[in-house]
Ligand SMILES: Nc1nc2c(ncn2[C@@H]2O[C@H](COP(=O)(O)OP(=O)(O)OP(=O)(O)O)[C@@H](O)[C@H]2O)c(=O)[nH]1
């Protein structure tokens, strides 16, 4: 661009009337050979004369006040909604798609006689909600014991109990986001790698998670190590800017994700941040590539210190496909928590149970909409209540 501009100026300087030409070859000039008319220059064109330094008029004073320029106004920083109790507040979103499951089960369990065919229907309903065959069979067995054999108890209370048991309220769902100090007393931010295939809502989740942490008064730095999709870094920076959080990114498309992740963690340490959230690329066309890339990102980041949390983002609407992705990622890197996005758009909330069983790690966060604060810490009680209660 700059080169183009310079070349353009040089060309213009070379043009101008050819005054050195002999009169017989000269074109008649307006104002010299005839009165100027329409289409002619009324005065001498500015570039006719070659101006030297002496003929150029300088400003009278160099101390003239400078022109007032528009100072860019810093964008207003948003204050995200508190994270605690978000799931309860967003319960209607879950209930809207999942009460059919709860209602269906309750109707079946409330029949005068719960016969063999009914138990089969209950099992099918659970499997259809993506709970997985193993957990569905277990729930049916326990319900049979408690309702079928004992014949007692409020079916709703028993069902709530058993669904809660399957979701497992004993799992530690807290995020490891506390900074530490090395033995030498050097500040070390907590490092969270966010992994998952493109399109599951991964970048959005990193942005929303930054808001959850900012709402908890944490200092956050974002690392745009998803260098595969050019727009991802831009998208992430925008999320960060909204809540006043810096983003470390590379301007080079296809840059080495590990080096961006390394720089992000370094920036987090230099800035004294509490947490560094690193968005990674999740190309799945080749398991070997994925393992190599994530392995390298993790190893390089670990030069600063251990990675505290590896969150796998899965789209809840993809069912078995999501479980397959989970298996592949779990082979590539040690997952410490699951984020299930788009739970607002599926009646198959049972995926929470299935994926926890599959990976042996807890669902820590759930996405319940496209809004900036629609990411909620997962709470088993609120989740089961949403399934069993009519939408409020
Ligand atoms: N309804 C709903 N939509 C969601 C949720 N989470 C994300 N989305 C939407 O899913 C779409 C994809 O999200 P992205 O964050 O761009 O996907 P991604 O996985 O980051 O894609 P890459 O950046 O290519 O990795 C966006 O339109 C999001 O708004 C959710 O919990 N509920």
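The values are calculated or read from the model by the stated rules, or taken from the named source; none is laboratory data. Quick caveat: nothing in here was measured; it's all calculated off a predicted structure. Quick reminder, even Gly has a Cβ in these numbers, built from the backbone with ideal geometry, and neighbours come from all protein chains shown.
For region 367-376, a residue qualifies if it is more than 6 Å from the ligand (Cβ to nearest atom) and over 13 Å from the mean Cα position of the chain (by Cα), and exactly one does: 376. Within region 343-360, is there a residue that is at pLDDT below 95, within 16 Å of the chain's Cα centre (by Cα), surrounded by fewer than 20 Cβ atoms within 10 Å (Cβ to Cβ) and near the ligand (Cβ under 10 Å from one of its atoms)? No - not one qualifying residue is present in region 343-360. So which residues in region 221-240 are away from the ligand (no atom under 11 Å from the Cβ) and surrounded by fewer than 18 Cβ atoms within 10 Å (Cβ to Cβ)? Hit for region 221-240 is 238, nothing else. Taking the criterion of being surrounded by 22 or more Cβ atoms within 10 Å (Cβ to Cβ) and either part of a strand (DSSP E or B) or without any contact (Cβ under 8 Å) to a residue 24 or more places away in the chain (or both), the residues of region 366-391 that qualify are 366, 367, 375, 376. Answer yes if at least one residue in region 266-289 is away from the ligand (no atom under 16 Å from the Cβ), under 17 Å from the mean Cα position of the chain (by Cα) and modelled with pLDDT of 90 or more, and no otherwise. The answer is yes; a qualifying residue exists.
Of all residues in region 157-183, those that are touching a residue at least 40 places away in the same chain (Cβ under 8 Å) and touching a strand residue (DSSP E or B) at 6+ places or on another chain (Cβ under 7 Å) total 8. The sole residue among 328, 339 that is more than 13 Å from the ligand (Cβ to nearest atom) and closer than 17 Å to residue 199 by Cβ is 328. The condition of being in contact (Cβ under 8 Å) with a residue 24 or more places away in the chain and under 24 Å from residue 330 (Cα atoms) holds for only one of 194, 214, that being 194.
Scanning for something farther than 22 Å from residue 335 by Cα and touching a residue at least 40 places away in the same chain (Cβ under 8 Å), does region 281-292 turn up at least one residue? No: region 281-292 contains no residue that is farther than 22 Å from residue 335 by Cα and touching a residue at least 40 places away in the same chain (Cβ under 8 Å).
Output the residues belonging to region 247-266 that are surrounded by 18 or more Cβ atoms within 10 Å (Cβ to Cβ) and in a loop (DSSP other than H, G, I, E, B). 249 - this is the single residue of region 247-266 that is surrounded by 18 or more Cβ atoms within 10 Å (Cβ to Cβ) and in a loop (DSSP other than H, G, I, E, B).
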